[in-house]
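Here is the structure we will look at.
Where a number appears in this text, it was derived from the coordinates with a stated rule and is not lab data. Remember, predicted model here, so these are calculated numbers, not experimental data. Cβ: placed from backbone, ideal geometry, glycine included. Neighbour counts: every protein chain shown.
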Amino acid sequence: MKIIVTGGSGFVGSNTIVALVKKGYEVLNFDLTEGFDIRKLSDLQEVIEPGDKVLHLAAIARFAQADADPLLAYETNIEGTKNVALACLAKKAERLVYSSTGSVYMPVEQEPPISEEFKCRGNSVYACSKYIGELILERLKVPYVILRYAHLYGKGKIGHGAIGGFIDRMNRGLSPILYGGKQSNDFTHIEDIVQANILALETRNFGEVYNIGSGEELTTEGVFEIMRDALGYEEEFTILPGRSVDPLRFVFDISKAREGLGYNPKYSFREGFDAFCEENNIKAPKKSY
């Protein structure tokens, strides 16, 4: 038995593979960088063997990229996911763990915290494609576990996202950008996501959907203030209008994951950001006079 990680060279995949190898698992990185493509059913059928477990992370995973090329998002996130599921069924894989997103709940019309019972539909190309992927797994009746991730940050994610974007612009001497700032989110460290991935690969509970986050609600403005304090950063932010894809409030109810998976997030945001800075040797640039 081996674990096949689609998209294993990405942010979540690379961190998860390191942890899986440390636990003694045999792992195959099924990634475009390794010559594998989830859009090709034959590629999947060649590597999946009876009893294997598949962690499916490969996706067009950024809002902007999905918006710019909806057809690619469809081919990858929908048709690619269907291929993964069909290959798992044909080759008798033991399970398929699917990484979804909290964006499937948007627009959030009920009062948070968001449970798995909240309505799903998505208000972006990316979210819709990921939710359709969920529906495909349910319809094909592949043994699955679905994980809906909150907003991720951590080692290796610099240059995009609220946290990575802050660091990137700060390092380039540019003002960090806040889109609105008053909207809240659930900011989750990559080590907690990795923990959830491994628990989902090991659980005996199939056919379940779990919210994976920190359960801590912070406004983007509040997060930037924590980062400013942690780094001793003295410059101001650029505040732009909020984006339509961002809800006013977003925080997960993670009680189902606690009970069903034994998931227990390790990091508050301040603790996670301190770890992030230490891992990446991040310090605020000195002021030039």
Tell me, in nm to one decimal, what length is gained between Glu26 and Gln110 on full extension, where the rule is 0.36 nm per residue of separation less the Cα-Cα distance? 26.0 nm
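As an exercise, identify the trypsin sites (Lys or Arg not before Pro) in segment 156-197 lying in DSSP coil whose Cβ has no more than 14 other Cβ atoms within 10 Å.
Answer in residue order: Arg172, Lys182.
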If amide H atoms are built 1.01 Å from N in the plane of the peptide, which residues on other chains or at least 5 residues away come under 5 Å of the amide H of Leu152? Thr188
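Sorting Ile282, Ile198, Ile167 on the 10 Å Cβ count, fewest up front, what's the list?
Ranked by crowding around the Cβ, least crowded first: Ile282, Ile198, Ile167.
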To make sure I understand the rule: partners must be lysines, Cα under 22 Å from the Cα of Lys256, and not fewer than 8 residues away in the same chain. Which ones qualify? Lys119, Lys130, Lys141, Lys266
How large is ³J(HN,Hα) for each residue in segment 2-13, as worked out from phi by the Karplus curve 6.51 cos²θ - 1.76 cosθ + 1.60 (θ = phi - 60°), to whole Hz, x for Gly and Pro? 10, 10, 9, 10, 6, x, x, 8, x, 4, 6, x
Nonlocal amide H pairs with Gly180, under 5 Å, H built at 1.01 Å: Leu240, Gly242
How high is the relative contact order of segment 97-175, given as a whole-number percent (alpha carbon pairs under 8 Å, six or more residues apart)? 32
How far apart, in nm, are two points set 7 Å out from the Cα along the Cα-to-Cβ line at Lys92 and at Lys2? 1.9
What is the distance, in nm, between label points placed 7 Å from the Cα along the Cα-to-Cβ direction at Val18 and at Phe63? 2.8
Quick one: if you stick a label point 7 Å off each Cα along the C-beta vector at Gln45 and Asp229, how many nm between them? 5.7
Estimated vicinal HN-Hα couplings, Hz - segment 175-180 in sequence order (Karplus 6.51, -1.76, 1.60; Gly, Pro = x): 6, x, 9, 10, 9, x
If the label point sits 7 Å along Cα→Cβ of Leu248, residues of segment 183-214 with amide N under 16 Å come out as 183-185
Please report the antiparallel percentage of DSSP beta bridges with both residues in the chain, rounded to the nearest 5. 10
Can you tell me, using C-alpha contacts under 8 Å and at least 6 residues apart, the relative contact order of segment 209-289 as a whole percent? 49
In sequence order, what are the phi-derived ³J(HN,Hα) couplings for segment 141-153 according to the Karplus relation 6.51 cos²θ - 1.76 cosθ + 1.60 with θ = phi - 60°, rounded to whole Hz, with x for glycine and proline? 6, 6, x, 10, 9, 10, 10, 9, 7, 7, 6, 9, 8
Relative contact order of the chain, pairs being alpha-carbon contacts under 8 Å that are 6 or more residues apart, as %: 18
Fewest to most Cβ atoms within 10 Å: Ser42, Ser99 sort as Ser42, Ser99
Specify the inter-centroid distance of segment 216-237 and segment 75-149, based on alpha-carbon positions, in whole Å. 32
For a quick check: with amide H placed at 1.01 Å from N, whose amide H comes under 5 Å from Leu55's, ignoring anything fewer than 5 positions away on the same chain? Ile4, Val5, Thr6, Val97
